Amino acid sequence: MSLTITKVAHFGAEVSGIDIATELDDDSFAAIRAAFVEHGLVLFRDQALSEEQHIAFARRWGAININRFFAAHPRHAEIALVVKEPWQQDNIGGGWHTDHSYDAEPALGSILVARELPPSGGNTLFASMYAAYDALPAQLRRAIEGLRGVHSARHIFGSKPVEEIEASDTRSGRVGNAAAADVLEDVVHPLVITHPLSGKRAIYVNPAFTIGIAGWEAEPARQLLGEIYEHCLNPRFTHEFVWRSGSIAFWDNRATWHSARNDYHGHRRALHRITVEGQALH
Ligand code: SIN
């Protein structure tokens, strides 16, 4: 079998005909990289990656970010655990977001490997911020040009009032280090970036981590961001990935959003995520 890249509906590409644990020569890597740059989402099936091979694959793309907030794999700090136990209600990543937009140099991408899946459900939805930008109505495109979004993770990973912690089991040992989140400085990025690898334009705000627009009052910023989000969630820009044993999803955090469905209560879902460092965005 030779390496094949197949576009999926409505965006993303499935890479087949390669065992990325053992066959990733320079030509294959270059082909996967080209697909990643073009589509922003590459999907693999039927892989059997050990934790060490997952780390080795991630290192081909850049330095690994050691996650400050997620529980880490007990033997590999590079691997963040994305787990929901049968008795837990909240999942991790259950709202639309892109990883690490709250960093001054946001992550290049995240490589998520299925380890244990529920009998059904737990799909991941992806949205293309390239497609969303390309389809922006002219008036909205003009309105957001030159603006900068303010991003933070304090409200997500920082200390919570006691009543909020009691009403939710989100933390349950899965998310921690609230003290580090409490002292995070807000960062700003353009609302529309020129992607550092593809050179294409992409919308770069997201419902989880964008808390405002630089220089704007809260209410008009909330309204404009709401308008952008509604546009971005048009099903024409989204792809729903159905996980199977051996599946891997690798998304570009600068060109996509994602959201994990939380529709499998009473079952365990466990995935391993490695996030690759990125760069400042312009
Ligand atoms: C994440 O948000 O990184 C996790 C996505 C998922 O669990 O499908």
Along the charge dipole of the chain, which of Cys232, Ala179, Ala72 sits closest to the positive end, that is, farthest toward it, with unit charges on the beta carbon of Lys, Arg, Asp and Glu (+1, +1, -1, -1)?
-> Cys232
Protein accessible area in the chain, 1.4 Å probe - carbon and sulfur % | 51
Treat every Asp and Glu Cβ in the range 4-274 as -1 and every Lys and Arg Cβ as +1, leave all other atoms uncharged, and give the resulting dipole magnitude about the Cα centre to the nearest 20 debye.
-> 220
For the range 4-274, convex hull of alpha carbons as volume per residue, Å³ = 129
Could you rank the peptides 14-26, 146-158 by their average count of other C-beta atoms within 10 Å per residue, with the highest value first?
-> 146-158, 14-26
Within-12-Å neighbourhood charge of Val37 [Cβ basis; K, R +1; D, E -1] = +1
Give me the accessible area per residue for the range 170-282, probe 1.4 Å, as a whole number in Å².
-> 42
Would you check the accessible area of Tyr229, probe 1.4 Å, heavy atoms only, in square angstrom rounded to 10?
-> 30
Sorted largest first, extent of the range 42-148 alpha carbons per principal axis (Å) | 49, 33, 28
Within the range 70-103, list the chymotrypsin sites (Phe, Trp or Tyr not before Pro) lying in a DSSP loop whose Cβ has at most 16 other Cβ atoms in a 10 Å radius.
-> Trp87
Unit charges on C-beta of K, R, D, E only; dipole of the range 181-282, Debye = 640
Peptides 250-257, 38-45: what's the order by average Cβ count within 10 Å, highest mean first?
-> 250-257, 38-45
To the nearest 20 debye, what charge dipole does the range 8-76 have about its Cα centre, counting +1 at the Cβ of each Lys and Arg and -1 at the Cβ of each Asp and Glu?
-> 460
With a 1.4 Å probe and every protein chain left in place, tell me how much accessible area Arg60 has, in Å² to the nearest 10.
-> 90
Hey, if we sort Glu78, Glu219 by accessible area with the 1.4 Å probe, largest down, what's the order?
-> Glu219, Glu78
For the range 153-282, what class follows from the C-alpha gyration tensor (a ≥ b ≥ c being the square roots of its eigenvalues): rounded when a/c is under 1.5, otherwise prolate if a/b is larger than b/c, else oblate?
-> oblate
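The values are calculated or read from the model by the stated rules, or taken from the named source; none is laboratory data. This structure is a prediction, so every number in the text was calculated from the model and none was measured. All Cβ positions, even for glycine, are placed from backbone atoms using ideal geometry, and neighbour counts span all protein chains on display. What goes into the accessible areas is simple: the full protein's heavy atoms, side chains included, and nothing from ligands, DNA or RNA. Shrake-Rupley method; radii C 1.70, N 1.55, O 1.52, S 1.80 Å.
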